[in-house]
Amino acid sequence: MADFIRNPVVALPDPNPESHFSEEELIFTEDEKARIAGWVSQYPTSDGAVMWTLWLAQEKFGFLPPEVLQLVAVELSLPYAQVYGVATFYTQYFKEKKGTFVLDVCTCFSCQFCGGYDILAYLEEKLEVKRGHTSACGRYTLQEAECLGACGSAPMMQVNNGPYAHNLTPEKIDELLEAMEAGKPLPFVSVTLPQDEDEMGGNRRTDAEAVEGYITPPRSERTQ
Amino acid sequence: MTKAGNWQSYERVLLPPVENLHHLDVYRGHGGYETLKRVLEELEPQEVTAQMKRSGLRGRGGAGFPTGLKWSFMPPVKPDVPRYLCCNADESEPGTFKDRQLMEYNPHLLFEGILIACYAMSLNACYLYVRGEYASWITHLEEELAKMYDANLVGENMLGTGHCMDIILHKGAGAYICGEETSLMESLEGKRAYPRIKPPFPAQSGIWGYPTTINNVETLACAPLILGKGADWYAGIGAEKNPGPLLYGISGHVNRPGVYEYPTGMLITDLLEIAGGMRGNKKLKALVPGGASVPVLRADMIEGVTMDVESLREAGSMLGTAGMLFLDEDTDMVAFLRRVAHFYHHESCGQCTPCREGTGWMENLITRIDDGEGNLRDLDLLLDLCDQMEGRTVCALADAAAWPVRNTIQRFREDFERRCRPAVWAVNA
């Protein structure tokens, strides 16, 4: 046998990994099963529902270790390999345990030139965690994200794959973290269109908190 | 007089200034779904497609393919063969954020467009594929869709016309490649989103092998306008060969970034003025006119250039998604290109070797230059790498990665050379 098979350079995954959840925990409730059946009925085959079901599983279990993927595979009568393939392909499915708050800071080019990396550095310093890692207290995971589609209100970040926070400044981040620590859910924030401001005098949505889209010079510029 | 005509007095139609237009009752109060009802009752499906063709609408997702023509590619109806429409709301092109604003402020225009498209191509189901990052907007769309089912605007016997159409939301999970139409179909089928080889084109063999048409959000939102106000009205807006209203997503070093709705064919210089000019009165250095994949333009290349397919092609770039990034004189183009290369390396799906390996080498080489350890010959190596990647993969991601690298190096060569170590002969001399 070739040497690299006996002594692989990269550690192979444990063939019998320890489960993160007990057997009682590792089930879908009747209610959840009904939701999954609802998604399955929307596609010609049950394959189509795999992404929705993984989202549900991630919401329930927090992340997607092999035993959860197995549960999804059994529920949808799909091969484990296919569910594993999907879960590992997409970046928003978490394969390992994350912090209570996952902060995705956009650093793609629009945010890059409006101070996205300044924001990332500020968070690294404040939370004492390197990008791509979870803080020692287990509260925060800090990640660098690709374009999140809010270039007009750069720099921005997304919290827990949910709400967006726009036009970030160090002060605004302090406020956000305080609110998060106090357990307040982040509101849905609507960025005012410049033309709306001219023609309607503000944001058109009355059910959302409005922010102006254009107020933040990057930190490096402000400190000069 | 520019191609955009009298744009100062342009009245917005995609994002009209109406408060709470995203609510179903407000949208209906402003004549919403009237067009759909009229189309279902009075027009034949072929007539709808013919009107779309006459309007001259070109897809707004980046490739700019004529929409009416795309619709006409659907094969004749066979009773036992299902057919599908996919709405591509997987907007992940860096610098592009117009579809999100449309779904936030005027989602019913999109829904109405989807239903008109379903009728025109005689099909019963549309999958609306929204990127997973837009979780909040997916929740909003779900709420509005539920209201539509309650009001019998969609579903069995919709509007009492005997038609049955469904709109099904699909949530992505963060993969840029899903914006490519064939990989979007793979993703819908619950697989890893690897693009497929074309042909067969989606109209022949799409999701689950059935005939499928895929359109962008903004494209479908234009359908109710065309059918409601007439194809000739639509064709008369903006640039002649690429007409219609267009959502310009302006970002970067401008005073008022955001999404602006104006006719196509706007002068780039006018748009810069509309967006409040450059921040801190600095000079413009570079412009990315349509998302990360399109070639970057130098400031001296934009004089007299208008935002439409033809004019931008002549200028040496592309319209893409009309997500415009303005960069000022202090911008480090090497850092810019390094970030773009990082993006493509991260988002390459890994199916084809030239792209999977090539994007990685691009990032490594540009990182080396950015760190001050690059050699002059690295620039030519990068250009050579672009040649080796372009056109050698299943989808266009490799091309999209190669274009900005090639053009940024060619158009800003001095910036790159300054950061490289001098050539050996120069040291010896």
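The values are calculated or read from the model by the stated rules, or taken from the named source; none is laboratory data. These numbers come from a predicted model, not from an experiment. Note that we place each Cβ from the backbone using ideal geometry, even for glycine, and neighbour counts take in every protein chain shown. Heavy atoms of the whole protein, side chains included, go into the accessibility calculation; ligands, DNA and RNA do not. Shrake-Rupley method; radii C 1.70, N 1.55, O 1.52, S 1.80 Å.
Worth pointing out:
- Annotation: aspartates and glutamates with alpha-carbon distance below 19 angstrom to B:LYS241 (same-chain offsets under eight excluded): B:GLU218, B:ASP232, B:GLU261, B:ASP308, B:GLU310, B:GLU314.
- Separation between Cα centres of region B:53-96 and region B:333-348, rounded to whole Å: 29
- Legend: P(r) of region A:1-86 from all alpha carbon pair distances, 10 Å bins from 0, whole percents, reading 15, 43, 23, 13, 5, 0.
- The aspartates and glutamates whose alpha-carbon is closer than 15 Å to the alpha-carbon of A:LYS98, local same-chain residues fewer than 8 away aside, are A:GLU59, A:GLU144.
- Amide N of region B:326-341 lying under 20 Å from the label point, which is placed 7 angstrom from the Cα of B:LYS283 along Cα→Cβ: B:326-336
- Restricting region B:175-270 to chymotrypsin sites (Phe, Trp or Tyr not before Pro) in coil, as DSSP defines it, with at most 15 other Cβ within 10 Å: none
- Compared with the dominant Cα axis of chain B, that is its longest principal axis, helix B:45-55 is turned about 40°.
- Taking Cα atoms only, the orientation of helix A:80-89 departs from the longest principal axis of chain A by about 20 degrees.
- Buried surface for the A/B pair, taken as the accessible area of each chain alone minus that of the pair with a 1.4 Å probe, is close to 5700 Å² in total.
- Computed as a quarter of the hull surface, the mean projected area of the alpha carbon convex hull for the protein assembly as shown stands at 32.6 nm².
- Taking chain B and dividing mean pair separation by its residue count, relative contact order in percent (alpha carbons under 8 Å, at least six apart): 17
- Of every Cα-Cα pair in chain A, the percent that sits beyond 20 Å: 68
- In summary, the aspartates and glutamates within cross-link reach of B:LYS282, defined as a Cα separation below 16 angstrom excluding same-chain residues under 8 places away, comprise A:GLU221, B:GLU273, B:ASP300, B:ASP328, B:GLU329, B:ASP330, B:ASP332.
- Shape summary of region B:245-328, radius of gyration then Dmax from alpha carbon positions: 11.2, 32 Å.
- Comparing the full protein assembly with the isolated chain, the residues of region B:167-200 losing at least 40 square angstrom of accessible surface (1.4 Å probe) are B:ILE168, B:HIS170, B:LYS171, B:ALA173, B:GLY190, B:ARG192.
- Relative frequency of Cα-Cα separations exceeding 32 Å in chain B, percent: 39
- Each DSSP beta bridge with both residues in chain B is either parallel or antiparallel, and the antiparallel ones are about 45%.
- Solvent exposure of the protein assembly as shown as accessible area per residue, Å², 1.4 Å probe: 40
- Shown here for region B:327-368: GluC sites (Glu not before Pro) in loop regions (DSSP other than H, G, I, E, B) with at most 13 other Cβ atoms within 10 Å, namely B:GLU329.
- When Rg and Dmax are taken over the Cα atoms of region B:17-235, they come to 16.1, 46 Å.
- Entries in B:LYS98/B:LYS191; B:LYS37/B:LYS171; B:LYS3/B:LYS229; A:LYS60/A:LYS95 that, when Cα-Cα distance is taken, lie over 18 Å: B:LYS98/B:LYS191; B:LYS37/B:LYS171; B:LYS3/B:LYS229
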